[in-house]
Every structure is written in C-alpha cells, then in structure tokens.
1. About the Cα centre of chain A, how large is the charge dipole given +1 on each Lys and Arg Cβ and -1 on each Asp and Glu Cβ? Please answer in debye to the nearest 20.
2. In terms of the Cα gyration tensor, with a ≥ b ≥ c the square roots of its eigenvalues, is the range A:193-333 rounded because a/c is under 1.5, prolate because a/b exceeds b/c, or oblate?
3. Please work out the Kirkwood hydrodynamic radius for the protein assembly as shown, using every pair of different C-alpha atoms, and report it in angstroms with one decimal place.
4. Inside 10 Å of the C-beta atoms of A:309-318, what's the mean count of C-beta atoms belonging to other chains?
5. For the range B:163-215, what class follows from the C-alpha gyration tensor (a ≥ b ≥ c being the square roots of its eigenvalues): rounded when a/c is under 1.5, otherwise prolate if a/b is larger than b/c, else oblate?
6. Residue by residue through the range B:272-282, what is 3J(HN,Hα) from phi via Karplus (6.51 cos²θ - 1.76 cosθ + 1.60, θ = phi - 60°)? Round to whole Hz and write x for glycine and proline.
7. If you count the DSSP beta bridges with both ends in the range A:155-320, what percent of them are antiparallel, to the nearest 5?
8. Order by neighbour count: A:Lys278, B:Lys29, A:Lys116, A:Lys269, fewest other Cβ atoms within 10 Å first, most last.
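What follows is calculated from the coordinates using simple rules that are stated; it is not laboratory data. All figures in this text were calculated on a predicted structure; none of them were measured in a lab. All Cβ positions, even for glycine, are placed from backbone atoms using ideal geometry, and neighbour counts span all protein chains on display.
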Amino acid sequence: MDEYITLDYGSGGRKTSALIRELILPAFGNSFLSSLGDGAVLPGAEQLVFSTDSFVVSPLFFPGGNIGKLAVCGTLNDVAMAGGEPKYLSLSLVIEEGFPTEDLRKILASAAEEVKKAGVSVVTGDTKVVEKGSCDGLFINTAGIGVLKQPGLSPAAMKAGDAVLVSGPLGNHGLTILLARHPQMLEADLSSDCADLAPMAAALYGLGADLKMLRDPTRGGLATVLAELAESADLGFELAEKSIPVDPAVRTACELLGLDPLYSANEGKLIAVVSANKAEEALALMKQFPEGRNAALIGTVCAEHPGLPVLRTPWGSSRLLTALAGAQFPRIC
Amino acid sequence: MIRLMEICGTHTHAIARAGLKQLLPEGVKLLSGPGCPVCVTPPEAIDALVSLARRPHLTVCTYGDMLRVPGTSPELSLLKEKARGARVEMVFSPMDALSMAERDPGQEYVFAGVGFETTAPGTLAAVKAARVKNVSNFSVFMLLRRIEPAVRALLADSESRIDGFLCPGHVAVIIGEKGFRFLPEEYRLPAVISGFEPADIWLSVKELLRQVREKDPRLVNTYTRAVSPEGNPLALALMEEMTRPDGALWRGLGYIEGSAYALNGEYAAWDAAIKFGISLPRQTAPTACRCGEVICGKIEPAGCPFFGKVCTPEAPLGPCMVSSEGSCAAAWTYRSF
C-alpha cells in the first residue's frame, strides 16, 4: 500500500485488490468474505445470498440510465452472480446540500422501476445530507439479500475444457460514462448496458451443476475478471480475440482514444463458465433475453499455463490478458 | 539484424496489443523511439509540476498519463500529491482546464502541456481562447516537443544504429509528409508514414524492409487516408503565429536546441514557467530506471533489470511503465505468451 489512498485504489484493478487483501481481509476476513465473490452465501434453513455495492458515478444521468437504475441493477446482479434470486434490498442515500429535488425524484423513480420489474422490495434504507462539497451530488449504497438457487458457483468449480461465454458486447458502460463526462472529446452513439441480469442468471441456473461460475465484469472489465479468476482457480484460459463481441462504436471510440474495450466497465454483462457440452444450450438460454442476443462463446478453460488467460489474436500471435493496473486514460498524442 | 524504429508511442502500443513482434521475420527488430510524450518529459519537469501543485490557490491540470509518473524521487508524483491534498485535476483537453479557470477566477489553473506536434495545436488553441476571453488565471507549462530534432539527436548518437523509421501517422497529419523527408534526403534512411491498424503497420514494415533490401531509401506514406503532403495548414499557421522554437531537456536525449515550442510575443503571458518563475535545468539528474535508453531504442524493455520486477504499472519507476504510450507499459500489459 502507498502512504495515501490514490484514485488508482478505486479502479477495480490490482490496486483495489491490494486494498482488499491488505486492509480489509486482515481486519474482517472469514470464510464468507475471503472467497471474494460478488456476494456471500450464508447458512440457515434457507441459504441466503448477501451483497452490497456503493455507487458514485459521475455524471448522475447518462445515456442508458442513471445512478438510481445502476444502484438497483448493480446489486441485483451481484446477488444473481452468487447464485441467488434477489428478494430484498436496502437503499441508502448520501445527498449533497443543494441537490435538486427534481433530479432526486427522477433518480428514485428509475430505481423504483427496476425494483418493480425485478419483483423485489426495498425494505430498509437511510438518508444523509452532507454539506456542499462533501460529496459529488449524490452517492447511493444498496445491499441485497436473495435466496440461494444455484449452490456451488465458484472459480473452484471450473475444470479444464469448460466453455467461457459472455452475454454480449463489452465495454459500453465505461465508454459511455467517459464520453458523458467529456462530451467534447468525441460524439458517439453509445449507451450504457446497465441492466438487471438476474432473470438471465436464473435461466442459466437451469443447467444445474454444469453451470460453474458467473461473474459480472464491472470495473476493470473482462480482462481483469479473467486474470483474477485464472489466478484464484489456478487454471488457464484460452480465448479467441475475434470471438469477443465489441460493438463497432465502442471499438472505434477505443481506437481513437487509445483505450482497450477489454478493460472498460460493463453494467449489464455476465461471464458464464459452463461444461463444454452445455455451451450451446447456455448460449441459447442467454439469447432469449434482449441483453443476451449477442452472447458469444469466447474461449475455454485449460490446464496449461495455470493462472494465465491467453488471448489468440486474429494475426496468429498471442498475448496474456492481465489485470488492470490503475485507471485507463486516453492517450495524449 | 535489421533495426527498425517506430517513433510513436501509439504505434508501440498497437504493435504490442496485436503481438506483431512475434510475427516479424527472423533478423528484424522493431524498437521504440522517443515518441511517447510522457516518457520524454524529464523528471525535473514532474518535480516542477509537483511544486506548482503545492502552491496555495493553484490547481495543476494534466492528462491522466502524467499523474503517476515519478519525478526525481519515487515519492514525487502528481497522483500522490493529489492524495496528500494538492489540487490536481485530470483533464482530457486543455479546453477543460481553461473552462475550470473561467468558472473559478480566484484560483490559478496551470495546464501541463505535454505532447508533440499532434497535441500542440489544441494546446495553442486553448491559449488563444484564453487571450480572446481575457482569462488571466490560466497558463500552460509548456512541455510540447518537436519530433524532428529528437530524431536528429538520436541519429547523431553512434549507438542508435537504426536502419529505417516507421513514422508517426498522427504527427504527420499535422506536419505533413514533408516533415519526414529529411530522413531519406539527409540520412539516406528508409521512412514510412504509417497508420495504426495492424494491417497499416504490417504494410509499412513490409515497405521498410523492401527499401532496406533494395537500398532504396525514400519517404513512403501508407496512411494517405489521413496524411497529406503538406499537413494541416490551419494547425501549422497557429504554431507559426503563436510560438518560437526553444531548446529543451529530454529524458534520454539531454538538452536539444530548437526541440520545443515557447509561447511567442503577447502569448508569453500565458506561459506558466514565466508567470511562476520556473526554469528547468539543462541537464537531467541520473535516474535508476533506464527509460532514457528505452526511448532511444538502445535497450528493449526486458533489457532493463527492473522491468516487471520492481517496476510494474502499479509501482512504476519510470514513465515508460506509466503511459499507455510507453514502451514498457505496452510490453508488460500486453506481454506475449
């Protein structure tokens, strides 16, 4: 750890991982927390899944959503990735003094719309108003509880030969936010993929034990998630670059700005690892949903090169996918 | 061994991402050159920006890539200074910095103006806008560089041994094909202006190898969809009007006469170095890291003893491991398997 917390510790890459491993796990580590999944599976008569997330996105409104929709979908997704059917949410607001009530009304309305669609309830919450300058407009924290429907989802369940699938094109959310923050950089017809993935996950639970692992590649993108999974499972990945879906607008914007879509955040995509003989079935299940219509098989789990995801380029070369080091910045020249 | 140099950091990045070095024929090497803006900035300039950021009522605005670059000590970086409470803002354009200055007239805003000919017109346009709008709390710490004097300095070094240049497409958009004619005409060296798609780079490398084999050095432009013979006349006119050539210190290359731009005439009022009394030395202090040799193509990233061991993108010792245009960052992030 550095002497001070720099912005890199919030990027979702290796520095974030250091923060968790060096400060949080030593203080609170237990078998639920230490697995570092998207949510924790808790024991009881009915096993529960519990997850929480804080949302500090700027701008608060962006093409494809706003912080309210994001705060609900983000936690629903985390519960679903851990195998849970979401039931109850908490919602806490930290509001900056002077925040327009009309904006808060809109944000809560879209959060409520997602809550209604998902059939869950917001059952507890909190509000704080802080002095001007103490937060950037509005921060939201949500926590979610779900009932465990799919036990055993874990990197440890992955085996060599398993198929790696993604539910659609990658990088849209990260690029959309970047361009919403800096509209003068580039005009592009992009919108966030922010969506509730719990229904798609529930469909995949139908694969039973052939569904090994689910993860939503938010901060740090696909590359960081796969690098972390390979390391924790001590298995490799073989990935074909040309089969990884990226929208043309995202690809072009990334080329122009010097960014890599595989490191850009997603808020409505999942990575699924399934038994090889269930890959087609899993793809078909994903494609039933509008947000999964461009789902794709992108590679396989392998025993060779454990700990390393290897990407085969269309040019016949290959390279490693490594975890994001710090925030991605557009190039200068 | 045929040693080809890609001058531009964006080429370095594209080559690493597509794994093109693995596919080169035996006996051909692609080396990185002094075309990553952050990498050629000497550590003393980072120190100066950190000291500016420590002043009360002053905000340093910078491109993200500059944030993590260490100065003369690993503890001196803008990102660390920001975490300690200094006002450092990441911007994507000098115009963002100008807008901040306009909204907050009680605070000084200094833009860290790094970059080559590609970036110079945008930086100058912000200075021009500041003059038109009479924004006096905005200034630019001029770290803009010209590529030609750097390439000449490199060629004057007998250790460099370059057989041909992959010339930077983005710089050429501004200065035109004519900006690189000196390579075949004065040095008898093959030179190809290239775009950034793997196919562009491949085509350009093929042409360079043809010129080397047939001893037929000439300037070829394979990026005609963006680069014209004469460049961008509006941008060139702006540079001509607002700047004069100036000497500057480069990492790895030392002090080079005429290699930078100084704001000219009445625009000098927006020069942060003049405004705040900063002068950079003519000599750079020795650094532990070997970025200076990496950007001159003398060693490859893996030739530095720190590469991937104590120097990684999370804990960079030098700029080449920081910038997305840096040779070490590209080689480490996109390491081949």
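1. 400 debye
2. Cα axes put the range A:193-333 in the oblate bin.
3. 26.3 Å
4. 5
5. oblate
6. For the range B:272-282, the Karplus curve yields 5, 5, 6, 4, 10, x, 9, 10, 8, x, 8 Hz.
7. Beta bridges within the range A:155-320, antiparallel portion: roughly 85 percent.
8. By the 10 Å Cβ count, ascending, the order reads A:Lys116, B:Lys29, A:Lys278, A:Lys269.
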